[in-house]
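Here you go, one structure.
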Amino acid sequence: MTTARTIKRYANRKLYDTRDSRYVTLDHIAAMVRAGDDVRVVENTTRADLTTATLAQIIFEEEKKAPRLSVAGLRKIIQGGMPAAAPSSAAPAAGTPSAPAGSAGSGGVGGAAA
């Protein structure tokens, strides 16, 4: 598999795809993820990993346009807390919500099939 596609986020909130040498939007990043690309978003100056926050922002923006996640499922995630941060290759701990947005999972959190 190829290495992660790096997206740099600048202070002005612009997102820059280092592989294609172009500015991108959250919609572009969502399309990359749907296409199976391993995307990593980093703050340009500090190199802080912003991937989780960016993916959450994409979900939030998509929910504003067309809600797909159930209220019961969202409540279950909030009540159960967020799973502990782990490397992306590690399996989530037992009993924690693990279905990514847009996939079928327990608790009615799933979305439409891609």
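The values are calculated or read from the model by the stated rules, or taken from the named source; none is laboratory data. Note that the coordinates shown come from a computational prediction; the quantities given were computed from them, not determined experimentally. Methodologically, a virtual Cβ is constructed for each residue, glycine included, from the backbone with ideal geometry; neighbour enumeration extends over all protein chains shown. Heavy atoms of the whole protein, side chains included, go into the accessibility calculation; ligands, DNA and RNA do not. Shrake-Rupley method; radii C 1.70, N 1.55, O 1.52, S 1.80 Å.
Step by step: first the residues of segment 19-39, then only those that are of a type in the set (D, E, K, R) and under 15 Å from residue 59 (Cβ atoms), then the one that is least open to solvent (accessible area, probe 1.4 Å). Which residue is that?
Among residues in segment 19-39 that are of a type in the set (D, E, K, R) and under 15 Å from residue 59 (Cβ atoms), the one least open to solvent (accessible area, probe 1.4 Å) is 27.
A follow-up question, please. So residue 47 fits all but one of (1) more than 20 Å from residue 25 (Cβ to Cβ); (2) surrounded by 11 or more Cβ atoms within 10 Å (Cβ to Cβ); (3) not acidic (Asp, Glu); what number is the exception?
Result: residue 47 passes all but (2).
Can you give me the number of residues within segment 1-18 that are open to solvent by 90 Å² or more (accessible area, probe 1.4 Å) and at pLDDT below 95?
6
Can you pull out the residues in segment 50-69 that are out of contact with any strand residue (DSSP E or B) (no Cβ under 9 Å at 6 or more places or on another chain), part of a helix (DSSP H, G or I) and surrounded by 14 or more Cβ atoms within 10 Å (Cβ to Cβ)?
57, 58, 59, 62, 63 - these are the residues of segment 50-69 that are out of contact with any strand residue (DSSP E or B) (no Cβ under 9 Å at 6 or more places or on another chain), part of a helix (DSSP H, G or I) and surrounded by 14 or more Cβ atoms within 10 Å (Cβ to Cβ).
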